[in-house]
1. Could you work out what % of the accessible surface of the range 568-690 is carbon and sulfur, using a 1.4 angstrom probe and leaving DNA, RNA and ligands out of the count?
2. Return the distance in nm (one decimal) between the two label points of a simple spin-label model at Lys212 and His112, each offset 7 Å from Cα along Cα→Cβ.
3. Using a 1.4 angstrom probe on heavy atoms only, work out the carbon and sulfur share of the accessible area of the range 422-463 in %.
4. Suppose we keep just the alpha-carbon trace of the range 594-644; what are its Rg and Dmax in angstrom?
5. State the three equivalent ellipsoid semi-axes of the range 755-862, derived from the C-alpha gyration tensor as the square roots of 5 times its eigenvalues, in descending order and whole Å.
6. Can you give the accessible area of Asp631 in Å² (nearest 10), computed on protein heavy atoms with a 1.4 Å probe?
7. Which value, in Å², gives the accessible area per residue of the chain when a 1.4 Å probe is used on the protein heavy atoms?
8. Please work out how much accessible surface Tyr801 shows to a 1.4 Å probe, ignoring ligands, DNA and RNA, in Å² rounded to 10.
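The values are calculated or read from the model by the stated rules, or taken from the named source; none is laboratory data. Treat the numbers as computed from the prediction; the structure is a model and nothing was measured. When we count neighbours, we look across all protein chains shown, and the Cβ atoms used for this are built from the backbone with ideal geometry, even at glycine. Heads up: the accessible areas ignore ligands, DNA and RNA and are worked out on the full protein's heavy atoms, side chains in. Shrake-Rupley method; radii C 1.70, N 1.55, O 1.52, S 1.80 Å.
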Amino acid sequence: MKLLYSTTVFTLTAISALLPVCAGAQDLRPPATPLVAINPNFSIWSRTTNLNDSTTKHWTGRDHPLVSLIRIDGKTYRLMGAGPAGVPALPQVALKVLPTRSIYDFENDAVHVTLTFTTPSLPDDLEVLARPVTYLTWDVKSRKGSHSVSLYDSTSSALAVNETSAPVVWKRETFGALTALSVGSKAQTILQPVGDDVRVNWGYAYAAANAKQSKSSIGGNGALLASFIKDGVIPTTDDSRQPRPVTDDQPVLAFTFNLGKVGGSTVSRHLSLAYDEIYAINFFRQKLRPYWRHNGATPSDLLQAAEKDYDSLAKRCVAFDNLMMTDMTKAGGAKYAQVTALAYRQTLAGSGLAADPNGQPLIFPKENSSNGCIATVDIIYPAAPQFLLMGPTYAKAVAAPAMLYGAASRWKFPFAPHDLGTYPAANGQVYGGGETSTNEGDMMPVEESGNMILICHAIAKQEGNAEFASRFWPTLTAWEQYLEKYGLDPEDQLCTDDFMGHLAHNSNLAVKAILAIAAYGDLCRMRGDMAGAEKYKAIAKADALHWTEAAKDGDHSRLAFDKPNSWSQKYNLVWDKILDLNVFPADTAKKEVEYYKTQMKQYGLPLDSRTKLTKTDWEYWSATLADNQADFETITDPIYNFLYVTDQRLPLVDSYNTDDTPPNPAFRARPVVGGFFIKAISDPTIWKKWSAMDTFKASGWADVPPPPVITAVIPTSENTAQSWKYTTSRPSDDWNMTNFDDSSWQTGVAPFGKSGTSGIKTLGTSWLTDDIWMRRQVTLPAGPFKDLQFLLLHDDDAEVYVNGVPAVIDGGANGRYQPFEIDPAALALLTPGATVTISAHIRQTGGDQSADLGLADVSPAK
């Protein structure tokens with residue numbers, strides 16, 4: 001969970017005085033409101049309380065403008081978006097965030113308008129939940145008399161590109177009764193770029209509405225807005241000037257709805273926003289389809305099914321929201337229910353959902369606002385409570401990628417992996433040195449092994465059998481043995497809270513290891529191995545007693561066994577109760593909670609005695625150790641208060657300073673907020689009730705394929721130094737062209753970067769600036785080539801060109817030499833015997849840095 005974003009100073013201002021004394025669930029002012037919450041690529045938020053006070057944004061903070069206007073008796077008002085200038089906002093009078101819906105109410109003297117964003121994330125229907133569709137619904141009625149009303153909605157082409165300088169193309173289609181407008185990048189860099197602060201650059205954004213109820217147009221944003229404001233209509237022909245960049249008279253997909261005369265009866269209209277990624281995840285060089293496509297569905301099928309189901313899904317979402325709010329209120333109170341409502345869609349929007357080669361669902365959380373890792377095990381672990389609540393299908397789907405990888409022959413370590421790569425490329429671990437690391441302490445070995453054993457046991461408890469764990473039994477056994485050897489008193493290493501640095505003798509980490517050993521023992525029991533069950537339960541109980549003495553520090557437990565006068569949240573202890581392991585003394589949790597109450601700050605419980613920083617997910621876990629509602633609320637009510645008053649107008653943050661001391665780190669939009677549901681699954685009745693709704697019965701995932709055979713064509717400098725021309729000063733725009741004069745550039749051997757960076761065996765040339773530009777002329781051998789790809793090591797963002805033609809774009813750091821598919825236009829230049837200029841720009845954003853590349857022929861393993 002390394003924080004890579006630069007910190008920004010945020011303060012909790014005097015608006016804290018506005019905090020309601022007796023706030024209920026309906027009172028929470030969300031820091032940011034989810035509008036479209038599908039996956040990390042299709043995640044749009046409003047960062048102001050009033051929808052018409054700001055431009056809607058992607059979770060990364062880039063503008064992803066959605067605009068809605070209403071024209072009442074010839075005068076136009078804003079419903080959504082900060083512009084256009086001169087158009088007044090229709091006053092917003094209410095906002096409510098529910099698990100599947102965000103509901104805005106507006107009114108003036110003439111009309112009342114309700115604008116609802118509905119994402120039908122219904123866990124009892126995987127086929128519906130998997131649809132990348134959000135409905136926008138307008139309900140309009142008169143407050144007095146009747147009024148002429150029309151509506152305008154537009155979707156920006158910015159939704160389909162990583163950078164708005166990229167050209168886009170668009171089209172209109174007829175899907176049954178629907179008019180469907182779509183826009184996508186011209187380049188279509190499928191599954192690239194990868195990284196954290198990146199956006200989708202492939203696939204197509206769609207807006208669709210009933211053709212008989214709407215008019216539509218694709219064109220420049222300014223012209224369409226001006227036409228609607230002036231006359232209440234938009235052009236009848238689409239703009240034909242394509243492709244063009246988003247920044248060039250921003251192309252938008254626009255619809256209008258003429259409601260005619262609106263009286264006291266509600267008049268409704270709706271449209272569907274959707275995104276077709278085409279491919280969702282690169283899973284060990286297999287391009288996985290988004291799950292909704294697993295049976296061959298097309299965008300036409302998707303949007304027509306969504307339209308057909310609109311009425312029924314609207315009712316089902318109301319019923320689902322009512323049920324979840326009722327049960328979450330029962331589990332943790334009204335404030336808890338409202339915070340979990342805000343968390344529910346964020347957890348799903350922070351994860352990709354794909355179909356594996358066998359058509360089985362796989363869920364890939366992204367480590368948003370950190371390093372962009374995919375399927376990070378210590379992101380899966382805190383997020384797991386929501387997936388466990390949703391049902392075993394979802395819990396297994398989120399655990400399966402890491403389990404499949406850990407069981408694969410390419411994973412050589414006796415402990416669980418940390419991650420599978422950088423989103424959306426799950427091609428092998430990149431953190432802590434990756435698959436070639438020689439430093440276990442940087443790989444969170446105790447952390448991740450304990451995490452996966454506990455999750456597998458939770459799935460078994462949920463299903464009443466150990467079938468899922470049994471598929472991976474040799475792997476789980478190896479991890480238990482590692483914990484048995486190293487978990488009771490962990491050596492100097494990182495844990496999930498890696499932003500706090502290495503720590504030896506970590507007592508909370510030891511709790512996790514002890515409980516994982518107990519969980520393994522209970523899995524033995526479920527598999528019929530009673531001797532194993534007794535053995536591992538005895539080990540865990542003995543370790544727990546040892547821990548109690550070793551960690552004791554008066555009336556609480558220490559941060560580390562060798563650190564007196566310290567303390568930390570023992571959030572891992574929560575599984576002792578939830579999983580019925582019962583290996584720690586009965587009063588351990590009670591003593592912890594009593595001490596936590598003495599350490600509370602204004603806005604929450606610090607992570608430990610070293611810091612005022614907290615993690616919101618862990619606060620809910622620690623609070624769940626309480627045996628009464630009053631103590632639970634003592635720890636969690638300050639979280640609610642923080643969310644209510646914070647001027648960090650971001651998707652739910654899971655890290656902040658508890659005493660309002662800037663700077664406040666900004667982990668945001670991350671799926672770890674699924675951990676808020678830990679309180680819900682601690683209630684056996686609620687957990688059993690929700691689990692029973694899942695009837696899908698997922699099973700039979702395909703194994704991870706063996707690594708491909710990589711044959712060097714143009715060598716990298718991994719083993720033998722290769723010479724490049726390079727500069728660290730920004731060159732002219734034609735720097736990557738064949739005829740560019742690079743005689744003034746320096747000459748150096750790769751790899752460029754910083755000693756100790758992952759992937760660098762022997763540093764060639766030191767590079768410590770923000771940017772490096774590299775050029776090299778090469779002649780390809782005679783061939784033939786089966787699958788020519790770039791072999792690339794980069795930290796951080798990389799752009800590669802062949803004769804000035806874009807070949808590869810990749811964000812973040814990859815940590816090792818990896819093959820990358822080449823854009824077809826650039827690949828066409830790489831013919832046998834050709835002499836070409838290869839150039840690359842690597843941009844450093846923080847931490848380690850590296851730059852090197854070559855060409856390789858890639859073929860499947862035999």
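1. Details: 1710 of 3440 Å².
The computed percentage sits at 50.
2. Here the modelled spin labels are 2.9 nm apart.
3. Carbon plus sulfur share of accessible area: 41 percent.
4. 9.9, 28
5. Details: eigenvalues 119, 47, 30 Å².
So the equivalent ellipsoid measures 24, 15, 12 Å along its semi-axes.
6. Roughly 20 Å² of Asp631 is accessible to a 1.4 Å probe.
7. Details: 29360 Å² over 862 residues.
With the other protein chains kept in place, the chain gives 34 Å² per residue.
8. That residue has around 40 Å² of solvent-accessible surface.
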